[in-house]
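Input: a single structure, listed below in structure tokens.
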Amino acid sequence: MKDFARRMVAIDRRLIFLLIAGATLLPLLNPFGLPIKVSPEVQAVYEYIEDLPEGSVFLLSFDFDPSSKPELEPQAVALLRHAFRKNLRVIGMTHWITGTSLADGVVATVAAEMGKERGKDYVFLGWAPGGYALIISMGQDLYKAFPSDYSKTPTRGMPVLEGVRTLRDVNYMISLAAGGAGIEMWYVFGKDKYRFEMGGGSTGVIAPGLYPFLRSGQINGLIGGLQGAAEYETLIGRKGMAVAGMDAQSATHFVIIILVVLCNVFYFALRGDKGRPR
Amino acid sequence: MSEAMLPTEVVLGAWVATGLTLFIYSFLYKDNPLFKLGEHLYVGVSIGYSVVLVWYTVFKRLVWEELNRGNYEPLVGVVIGVLILTQFFPKVSWLSRIAFAFIVGFGSGVSIPRAVSSYILKQIEDTVNPLLTMGADGLSLGLDLASPQSGVNTIILLVGVVSVLFYFFFSVEHTGPGMVTARTGIYFLMIAFGAAFGYTVMSRMSLLIGRFRDLITFSGAAYGYATLVLLLITVLSLAGWELAVRLKGGEE
């Protein structure tokens, strides 16, 4: 047993990379359709949007860049499909400069798919500097913060922004966040001051840190990582990129759990063995 | 639009994305020139893209166009920004302190009250929930672990907060009951770290799934079999590089 354990802990780590690659690739090529259970925090976001009356103002902040695209783009697509289906007026923007054209592309693609028109049904404001100062500025005067949208059309007089002067006129806001300049910033400088309801979508890495905000009611719901996106796709009945990736996610987790258990077995088998590899 | 009629820029973009993904993943074999090329391109393109966007968004849209409209408000920000640049000129570098004083003063003034309200008061409010709730049958202690507001969860939360705070309280020696409390705090911390690590693994796997999904898409005929061709090129390049290194008689 000790010899086997010694050989195993000294195994070329590239074999483990191959194992993970295989566990990811095979379910993507041949999905086996594991069931997806919707969590209460994702359900809360869905229900809030579902209950909004037609024509309500929905602000979606794309606070991520392409490095978080696999997790947050499916969330954005699912949320936009839901919002457009409910005929909400959608305002898109971003705090992450390197995510600007990605965000514009996502909004434009989903809007085209749902037959929505730029300026009338939705607007993408783009990026502006300032971070929290920008949120405060939007809370005072949206048109000063964004005199024109991403496509250089003046925002004042846009049909989609009719009756919208500040953040106080937003009915629901969601930040899709990959870091600090996201949900927390929107809550601290936006919701807490200008009193609009907000939810969040985040990468898996930052999701555990956001649960205290969810518990305390500072955000009303949270979509966490690819799993959260898959749950939202299930809720709106449009299975897409996230659901397709969940089988691969489960398979890789299974492989990782097996590897962790085996490593612990080998570790205990070699405990006290002076010659064990480091 | 049919797959066979994809625009040239889309196909070109797919080839670039596929190539760079494979170059970056080649690091899993070992550090190599292809990985370095991908890494440097990533840094350069990110910075270049940011600079262009800042130029057009900040300078052109928020400053230049506003000045042309007769609105001189942005000049205040421009002057403060220019003062920061005086750091590069030792004789007038003291002027940058004015800008920094403004930034620190404004930042603190805006952030501190909001941070106290959001991070401290609201969180304390949630930590000290009532243990018992009044229902139709009188007072009761909620035992539902799935409900965040139940009494049993309130107790767990309270024990967790107090024990973790005590673990980081170094003014008294952690002996006797103090040691028990501090150890309880460690267990809570370990569970929190475990949850965070689990989520991190899930997140990293999601990124891998995203890249693989793109690689599968770009392996089709509509994209000129980009993945297959570039995978072959990457593998052959790595093999050639490995051979060259070995012929030279050592690792790079």
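Assorted remarks:
- Which listed residue is of a type in the set (D, E, K, R), crowded, with 20+ Cβ neighbours inside 10 Å and touching a Lys or Arg at 6+ places or on another chain (Cβ under 9 Å), from A:E197, A:E184, A:E231: A:E231
- Scanning the range A:122-160 for residues that are more than 20 Å from B:Y56 (Cα to Cα) and assigned to a strand (DSSP E or B) yields a single hit, A:Y122.
- Helices (runs of 4 or more DSSP H) contained entirely in the range B:1-106, each with at least 3 residues that are more than 13 Å from chain A (Cβ to nearest Cβ), under 24 Å from A:F64 (Cα atoms) and out of contact with any Asp or Glu (no Cβ under 6 Å at 6 or more places or on another chain): B:8-25, B:33-54
- Members of the range B:114-134 that are exposed (fewer than 13 other Cβ atoms within 10 Å of the Cβ) and either part of a helix (DSSP H, G or I) or among the charged types (D, E, K, R) (or both): B:V116, B:I120, B:L121, B:I124, B:E125
- Condition check for B:T217: out of contact with any Asp or Glu (no Cβ under 9 Å at 6 or more places or on another chain) and either closer than 26 Å to A:Q218 by Cα or not polar (S, T, N, Q) (or both): no
- Test: residue in the range A:64-80 that is within 12 Å of another protein chain (Cβ to nearest Cβ), assigned to a helix (DSSP H, G or I) and over 17 Å from the mean Cα position of the chain (by Cα): no
- When residues of the range B:207-252 are limited to those that are in contact with a Ser or Thr (Cβ under 8 Å, 6 or more places away or on another chain), among the hydroxyl-bearing types (S, T, Y) and in a helix (DSSP H, G or I), the one farthest from B:F27 (Cα to Cα): B:Y223
- If you check A:G180, A:G190, A:G209, A:G204 for being in a helix (DSSP H, G or I), within 13 Å of another protein chain (Cβ to nearest Cβ) and under 27 Å from B:M205 (Cα atoms), only one passes: A:G209.
- A:V255 β-branched (V, I, T), assigned to a helix (DSSP H, G or I), at pLDDT 95 or above and not assigned by TED's automatic domain parsing to the domain that holds A:G182: yes
- Residues being over 19 Å from A:F17 (Cα atoms) and away from chain B (no Cβ under 13 Å) - total across the range A:224-263: 9
- Considering residues of the range A:107-124 that are surrounded by fewer than 23 Cβ atoms within 10 Å (Cβ to Cβ) and within 14 Å of chain B (Cβ to nearest Cβ) only, the residue nearest to A:A178 (Cα to Cα): A:T109
- Conditions (1) free of Cβ contacts under 8 Å to residues at least 12 places away in the same chain; (2) in a helix (DSSP H, G or I): number failed by B:S163: (1)
- Condition check for A:F124: in contact with a Gly (Cβ under 7 Å, 6 or more places away or on another chain), closer than 30 Å to B:Y72 by Cβ and of a type outside the set (V, I, T): yes
- Tabulated pairs, the range A:29-42, first surrounded by 13 or more Cβ atoms within 10 Å (Cβ to Cβ), second part of a loop (DSSP other than H, G, I, E, B), C-beta under 7 angstrom, 6+ apart or interchain: A:E41/A:G221; A:V42/A:G221
- Across the range B:172-185, not a single residue is classified as β-branched (V, I, T), within 13 Å of chain A (Cβ to nearest Cβ) and either crowded, with 18+ Cβ neighbours inside 10 Å or assigned to a helix (DSSP H, G or I) (or both).
The values are calculated or read from the model by the stated rules, or taken from the named source; none is laboratory data. The structure displayed is predicted, hence computed values, not measured ones. Because the Cβ atoms are built from the backbone with ideal geometry, glycine has one as well, and the counts that use them run over all protein chains shown.
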